[in-house]
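Rule-based calculations on the coordinates, nothing more; no lab input. The shown structure was predicted, so the numbers you read here are calculated from the model rather than taken from an experiment. Note: ideal-geometry Cβ built from the backbone for every residue, glycine included; neighbour counts use all protein chains shown.
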């Protein structure tokens, strides 16, 4: 039997501009077809109008868009996806401002094995 080494990509948030948005994904390593949960935290602000959540690997792409209500928005949003194929994934969350421009960005990575 051959022992394998698995490198888990941790859920990592990379903010640009401010700590307005963060993201985590669970699990960080799974077997296909996988079910993942993406948790997004947003600091309420009157300029917040939407979340653009992009889940991407070499053979998979899904984009989810959720409207926000500025300072009245919930602090957290959950996105669940089923049946994801094997691959190395990047989950990008972009906070969209009232004028439609992208603002803060958070990134998480995960791996789905065959």
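Is the range 21-113 best put as rounded, prolate or oblate by its Cα gyration tensor, with a ≥ b ≥ c the root eigenvalues, rounded for a/c under 1.5, and otherwise prolate when a/b is larger than b/c, oblate when not? Please list the in-between numbers first.
On the way: a/c = 2.68, a/b = 2.18, b/c = 1.23.
Prolate, since a/c reaches 1.5 and a/b exceeds b/c.
Here 98, 110 are placed in order of increasing Cβ neighbour count within 10 Å, fewest first, which gives 98, 110.
In what sequence do 49, 75, 35, 92 fall when counting other Cβ within 10 Å, fewest first? If you can, show how the numbers build up before the last one.
Numbers: 49 19, 75 9, 35 12, 92 16.
Arranged by neighbour count, lowest to highest, 49, 75, 35, 92 become 75, 35, 92, 49.
For the pair the range 68-96 and the range 23-38, the centres of their Cα atoms are 12 angstrom apart.
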